[in-house]
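Each reported figure results from applying straightforward, stated rules to the coordinates on display, with no laboratory input. Everything quoted here is computed from the prediction, not taken from an experiment. Cβ placement follows ideal geometry from the backbone for every residue including glycine, while neighbour counts extend to all protein chains displayed.
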Amino acid sequence: MFNIPIFLQTAGLLVMSNVFMTFAWYGHLRNLSSKPWYIAALISWGIALCEYLLQVPANRIGFQAFSLAQLKILQEVITLSVFVPFAMIYMEQPFKTDYIWAALCLVGAVYFIFRS
């Protein structure tokens, strides 16, 4: 795919899929709170389809160079990296120092899973 390194292809697709995932999981709390839950679920499923259309190729590409555990840790780091700005900017939640501690735990996870 255009000589883009596998890591960048995988990470880029996972970032985009996580944006869709985060909106599918949490966006309805802001936008559809007055609608019945099943309307929110149907709309979320539609958004989640976009997530899977990016996530599945990301994992297939990534699995060429990374182990399953490495893909999972990469996914978790990206999830937190997408979720924190989403929570603060879109959902107007306050910043919490727990975000920093969670990020440091993930840095440790990245170190241990990619060190060998």
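Taking every alpha carbon pair in the chain, what does the distance histogram look like in 10 angstrom bins from 0, in percent?
Histogramming the chain at 10 Å steps yields 13, 36, 34, 15, 2 percent.
To the nearest 20 debye, what is the magnitude of the charge dipole of the chain about its Cα centre, counting +1 on the Cβ of each Lys and Arg and -1 on the Cβ of each Asp and Glu? Don't skip to the answer; put the middle values down first.
Working: 6 positive and 4 negative charges, 20 e Å.
Charge dipole of the chain: 100 debye, to the nearest 20.
Note the angle between two axes, namely the Cα long axis of helix 68-85 and the longest principal axis of the Cα atoms of the chain, as a number of degrees from 0 to 90, rounded to the nearest 10.
40 degrees
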